[in-house]
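Q: Here it is, the structure in full.
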Ligand SMILES: *[C@@H]1O[C@H](CO)[C@@H](O)[C@H](O)[C@H]1NC(C)=O
Ligand SMILES: *[C@@H]1O[C@H](CO)[C@@H](O)[C@H](O)[C@H]1NC(C)=O
C-alpha cells in the first residue's frame with residue numbers, strides 16, 4: 001500500500017468544519033500505509049459570505065487540490081463528509097480514470113467515498129435538495145448575516161460521542177456561508193459511468209443531522225450504484241468510531257485500486 005503510486009486520500013470536510021475534523025482518523029490510515037491530503041474549500045468562515053458560492057467551492061477544490069495532485073502523477077480517492085459531497089461531486093467531474101485515460105493522462109480520481117454525504121443533482125442547490133427549508137438546528141444569520149451555525153452541536157452532530165468531549169468538539173464548529181447551500185452545484189462526477197464500481201457510501205444510521213431516510217432518498221435519486229456500508233453512528237463517525245471507519249476506508253481503497 002505504501003508504494004510511490006499508492007493513492008492519496010483527499011479529506012473534504014462537511015460544512016462548518018475543516019479538514020482538521022478528520023484528525024482522529026489519520027493515525028489509523030497512516031498505520032495502514034495510506035497518505036492523506038486536506039481538501040478545504042472557501043465557503044467555511046469566509047471574510048465575505050456574499051460571494052461564497054457552491055461553484056466557487058467546487059472550482060477551489062478542483063484547481064487548488066485535485067488537479068495539482070493529479071499533475072504530480074498521484075491517483076486520488078476522495079473522502080467527503082456531508083456538504084463536502086456536493087463540493088467533491090462537482091470538483092471531480094471528468095477526472096475519472098476513463099476520461100483521463102482517453103486524454104492520455106495516467107493519474108485520476110479513482111474513487112469517491114461519501115460519509116453521510118449530502119447529494120445534489122445537476123443544477124440543484126443543497127437548499128433545494130433538502131426540501132427548500134432549513135432544519136431547525138441550522139441557525140440562519142448566526143453569528144452574523146449571511147452565515148449559519150449548527151446548534152446544539154452535541155445533540156445534532158455528536159450524539160454518539162462522549163459528552164465530556166463537548167468543549168473540544170464545539171471548537172470545530174465554524175460559521176458557514178449560507179450562499180454555498182443556496183447556489184447551484186454543477187454536474188456531479190458520481191453520475192458518470194467512469195465512476196461505476198468506484199462509489200462508496202457510509203450510511204450513518206443514528207444520524208440526527210442527516211437522518212438515514214434522507215440518505216436513502218439521495219442514494220436512490222442518484223440512480224447509480226454505490227457500495228453502501230452501514231455505520232451505527234451519528235453524523236461524525238471519524239470522531240466516534242475512527243478505527244472502525246479507517247478499516248472500512250482501507251477496504252474501499254483496496255477495491256478501487258483493484259479495478
Ligand atoms: C444545467 O444547466 C446548464 C446551464 O444552464 C444546462 O446546459 C444543462 O442542460 C442543465 N442540466 C440539466 C440536467 O438540467
Ligand atoms: C444535509 O442534509 C441534511 C438532511 O436534509 C440537512 O439537515 C443538512 O442541513 C444538510 N446540510 C447542510 C449543510 O445544509
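Any read-out appearing in this document is the output of simple, stated calculations on the displayed coordinates, not a laboratory observation. Note that this is a predicted model, so its numbers are computed, not measured. Don't worry about glycine lacking a Cβ; one is built from the backbone with ideal geometry, like all the others, and counts go over all protein chains shown.
Q: Report the Cα centroid-to-centroid distance between the stretch 1-74 and the stretch 183-246 in angstrom, as an integer.
A: 17 Å
Q: Right, next: Once all Cα-Cα distances of the stretch 117-259 are split into 5 Å bins that start at 0, what whole-number percent is in each one?
A: Spelled out bin by bin, the stretch 117-259 gives 2, 9, 15, 18, 20, 18, 12, 5, 1, 0 percent.
Q: Given 37 °C and 0.692 mPa s, how large is the Stokes-Einstein diffusion coefficient of the stretch 138-219 in µm²/s, with Rh as the Kirkwood radius over Cα pairs? Can you show the working numbers first?
A: On the way: Rh = 15.4 Å.
The diffusion coefficient I find is 214 µm²/s.
Q: Let's test the formula: R0 of 25 Å, r as the Cβ-Cβ distance of residue 216 and residue 247. What FRET efficiency results, to the nearest 0.05?
A: On the way: r = 24 Å, r/R0 = 0.95.
The pair residue 216/residue 247 has a calculated efficiency of 0.60.
Q: Using only Cα atoms, figure out Rg for the chain and give it as a multiple of 2.2 N^0.38 Å. Mind showing how you got there, number by number?
A: Values: Rg = 17.0 Å, N = 259, 2.2 N^0.38 = 18.2 Å.
The value comes to 0.94.
Q: To continue, here is another question. When DSSP beta bridges are limited to those with both residues in the stretch 80-191, what percentage is antiparallel, rounded to the nearest 5?
A: On the way: 6 of 8 bridges.
Rounded to the nearest five, the antiparallel share is 75 percent.
Q: Report the convex hull volume per residue for the stretch 1-59, counting only C-alpha atoms, in Å³.
A: Spread over its residues, the Cα hull of the stretch 1-59 gives 85 Å³ apiece.
Q: Ranked from highest to lowest mean number of other Cβ atoms within 10 Å per residue, what is the order of the peptides 242-251, 78-87?
A: 78-87, 242-251
Q: Oh, and also: Report the paramagnetic label zone for residue 144: residues of the stretch 161-177 whose backbone N is under 19 Å from a point 7 Å from Cα along the Cα-to-Cβ axis.
A: In the stretch 161-177, the label zone of residue 144 (backbone N under 19 Å from the point 7 Å along Cα→Cβ) covers 173-177.
Q: Expressed as a fraction of 2.2 N^0.38 Å, the rule-of-thumb size for a compact globular protein of N residues, what is the C-alpha radius of gyration of the stretch 1-143? Intermediate values should be presented prior to the final figure.
A: Details: Rg = 15.8 Å, N = 143, 2.2 N^0.38 = 14.5 Å.
In units of the 2.2 N^0.38 Å rule of thumb, it is 1.09.
Q: Under a plain spin-label model, where a point goes 7 Å from the Cα along Cα-to-Cβ, how far apart in nm are residue 23 and residue 51?
A: Label at residue 23, label at residue 51, 3.1 nm between them.
Q: Would you mind calculating the gained length between residue 193 and residue 30 on full extension (0.36 nm times residue separation, minus the Cα-Cα distance), in nm to one decimal?
A: 55.6 nm
Q: Continuing with the same structure: May I have the convex hull volume per residue, in Å³, for the Cα set of the stretch 37-87?
A: 77 Å³
Q: Could you work out the Kirkwood radius for the stretch 64-184, taking every pair of different alpha carbons, averaging 1/r and inverting it, reported in Å?
A: 16.5 Å
Q: Output the antiparallel fraction of DSSP beta bridges having both residues in the chain, as a percent to the nearest 5.
A: Working: 7 of 31 bridges.
If I count the DSSP bridges inside the chain, around 25 percent turn out antiparallel.
Q: Tell me, what is the FRET efficiency for residue 103 and residue 134 to the nearest 0.05, using R0 = 45 angstrom and their Cβ-Cβ distance as r?
A: 0.65
Q: Determine how many Å³ per residue the convex hull of the Cα atoms of the stretch 42-124 encloses. The partial results should precede the final answer.
A: On the way: hull volume 8.2 nm³, N = 83.
Once divided by residue count, the hull of the stretch 42-124 is 99 Å³.
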